């Protein structure tokens with residue numbers, strides 16, 4: 001047993017795991033090495049690639065933990081079975097320090113930190129073999145990736161052990177938790193320094209590498225999450241003011257950002273990279289299972305991750321009003337006159353998707369192709385305790401329609417960890433919170449809204465532009481914008497926590513589609529926080545009314561669940577060492 005006691009400690013010391021062997025064909029550069037390992041720039045770049053590969057952190061079904069968190073642990077999505085893991089338990093309130101997925105999050109982010117620390121220390125031996133510009137570039141890319149890992153750890157767990165160097169003695173790695181505020185202060189300083197050195201753009205051969213804008217963007221995100229609105233606004237503004245020099249644009253098509261057409265978009269700033277040609281058959285793991293987890297069962301998928309009805313009802317109507325206030329919303333025709341991001345993000349009933357007409361109603365016994373040809377029994381409409389499309393919808397984001405058509409369960413689409421639209425939203429929210437909601441803040445929001453409609457931001461007659469400068473109204477707007485623009489990208493859990501609305505939006509049943517839209521009349525109530533209330537729906541299980549399919553119950557304990565539990569295995573690692581790793585309150 002003693003051999004296992006220092007597993008995490010050894011990870012922190014050496015930064016070496018079995019996963020690393022999957023990403024590198026050569027000896028791990030983050031194992032203990034001699035001073036001769038870095039003999040040229042190529043070897044330094046190989047070590048840097050190992051650090052980048054630490055960003056490929058997956059949850060169930062070989063999917064990014066970020067997507068699982070949005071769908072399993074929040075109000076906007078549902079998962080079942082293998083997909084959600086610990087975060088599915090979190091959403092149901094059944095999680096504990098022994099929930100295995102939390103340890104995956106904890107250990108894999110620390111593995112990335114260890115790789116970064118190892119490279120930063122060992123690369124000092126390489127100063128004489130590369131130019132100072134190359135040395136500083138590699139060093140600062142590594143610092144940004146390390147900051148990303150710490151950002152994630154602190155948002156999930158709060159205070160965590162903070163390590164910046166290689167620790168020679170494994171027992172010395174058993175450190176107490178450092179206050180989150182202390183870590184955040186250090187990360188903001190590191191990212192500011194890195195941004196001053198990193199280049200604004202990179203050649204095509206270095207596409208996906210960290211730039212100045214990424215460092216500033218991460219700084220803006222961390223500052224926003226920690227209510228340092230002045231720093232968030234300043235860092236975001238620096239990016240926006242030099243967007244052309246930074247090579248950034250808003251991609252013309254929102255939908256294409258999440259399929260093959262958007263893979264090289266200049267909106268995408270930071271990615272979780274996958275590699276075309278890798279597959280389970282050759283033992284490689286540089287792919288995701290989005291098509292299998294999110295696609296149609298009529299295309300061989302499992303449909304284990306879907307959006308909720310409250311997500312669908314959060315998309316406003318084309319008059320710019322929430323559906324409970326809109327004159328153009330019709331509950332009997334609920335997908336008409338809606339924000340185009342609804343259709344771009346979600347497959348709704350009667351939509352043509354992957355060559356098939358998607359329909360999840362229980363009376364739809366057969367499924368058809370786009371030409372209307374009957375193709376057999378409909379596996380998307382089986383209304384049982386867990387129906388195939390158990391909310392009645394499918395996520396279109398990252399599902400990869402081409403993989404669906406080919407009946408493939410895997411995808412090589414990169415997952416976005418940061419894109420320019422987020423930076424605009426950070427800037428707008430920070431300005432709103434500072435009481436400085438000027439035209440630049442409104443323009444940041446409107447650029448995103450105009451893109452959704454496929455028009456220029458100046459063409460305000462063609463999309464519902466925001467004109468109010470009232471702080472309360474803008475807070476409602478920014479909450480809705482983040483919810484719909486960033487849906488299923490890994491932001492929702494952190495947002496509802498920092499806005500302190502998690503106990504409101506989570507402590508309710510989650511519903512699926514209206515079972516009979518032809519006779520539907522009920523419109524849910526949506527409050528200033530974007531909470532969609534279905535009060536009264538519970539008794540409506542007559543198919544001649546507005547009955548909705550009840551899917552699951554969310555729960556949230558505000559005395560406990562604003563932080564996730566420190567994995568018990570990590571706490572046990574400290575036993576007998578004289579050091580203590582404290583658990584979060586309530587666990």
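Cα centroids of segment 112-150 and segment 475-489: 35 Å apart. How big is D for segment 293-344, in µm² s⁻¹ as a whole number, if Stokes-Einstein is applied with the Kirkwood radius of its Cα pairs at 4 °C and 1.567 mPa s? The calculation lands on 106 µm²/s.
Annotation: average projected area of segment 420-469 is 3.2 square nanometres, based on the convex hull of Cα atoms across all directions. Name the shape class, rounded, prolate or oblate, that the alpha-carbon gyration tensor gives for segment 454-521, where a ≥ b ≥ c are the square roots of its eigenvalues, rounded holds for a/c under 1.5, and otherwise prolate holds if a/b is larger than b/c and oblate otherwise. Because a/c hits 1.5 or more and a/b fails to exceed b/c, segment 454-521 counts as oblate.
Relative contact order for the chain: what is it in percent, counting Cα pairs under 8 Å that are at least 6 residues apart?
Relative contact order for the chain comes out at 18 percent.
Compared with the alpha-carbon gap, the fully stretched path from residue 169 to residue 204 is longer by 8.4 nm at 0.36 nm per residue.
Distance from the C-alpha centroid of segment 245-266 to that of segment 199-213: 15 Å, rounded to the whole angstrom.
Is segment 398-544 rounded, prolate or oblate when judged by the Cα gyration tensor, a ≥ b ≥ c being the square roots of its eigenvalues, rounded requiring a/c under 1.5 and prolate requiring a/b larger than b/c?
Details: a/c = 1.64, a/b = 1.19, b/c = 1.38.
Judged from the Cα gyration tensor, segment 398-544 comes out oblate (a/c at least 1.5, b/c at or above a/b).
Kirkwood hydrodynamic radius of the chain, from the reciprocal of the average inverse Cα-Cα distance over all distinct pairs: 24.8 Å. Computed over segment 154-215, relative contact order equals 26 percent, with contacts defined as Cα pairs under 8 Å that lie 6+ residues apart.
For the chain, the longest principal axis of the alpha carbon atoms and the long axis of helix 41-53 meet at an angle near 40°. In this structure, residue 98 and residue 579 have a Cβ-Cβ separation that, at R0 = 30 Å, corresponds to a calculated FRET efficiency of about 0.90.
Would you mind getting me the FRET efficiency between residue 333 and residue 533? Use the beta-carbon distance for r and R0 = 30 Å, nearest 0.05.
0.85
Helix 132-157 and the long axis of the chain differ in direction by around 50°, with both axes built from C-alpha atoms.
Taking 7 Å steps out from each Cα toward its Cβ at residue 572 and residue 518 produces label points 5.8 nm apart. Computed over the chain, the per-residue total of -39500 (n - 2.57) for DSSP H runs of n ≥ 4 gives a 222 nm mean residue ellipticity of -11000 deg cm²/dmol, rounded to 500. Among 79, 105, the order by Cβ neighbours within 10 angstrom, fewest to most, reads 105, 79.
For segment 158-204, the square roots of the Cα gyration tensor eigenvalues, ordered a ≥ b ≥ c, give a/c of at least 1.5 with a/b no greater than b/c, which places it in the oblate category. Normalised by 2.2 N^0.38 Å, with N the number of residues, the alpha-carbon radius of gyration of segment 346-473 equals 1.47. The Cα center of segment 53-97 and the Cα center of segment 417-462 differ in position by 30 Å. Among 96, 235, 310, the order by Cβ neighbours within 10 angstrom, fewest to most, reads 96, 310, 235. Note on 511, 574: ascending count of other Cβ atoms within 10 Å places them as 574, 511, the fewest first.
For segment 85-130, the calculated P(r), taken from all Cα-Cα distances in 10 Å bins from zero up to the bin holding the longest distance, is 25, 29, 20, 15, 10, 2 percent.
Any read-out appearing in this document is the output of simple, stated calculations on the displayed coordinates, not a laboratory observation. These figures come from a predicted structure and were not determined experimentally. Every residue, glycine as well, gets a Cβ built from its backbone with ideal geometry; the counts of neighbours run over all protein chains shown.
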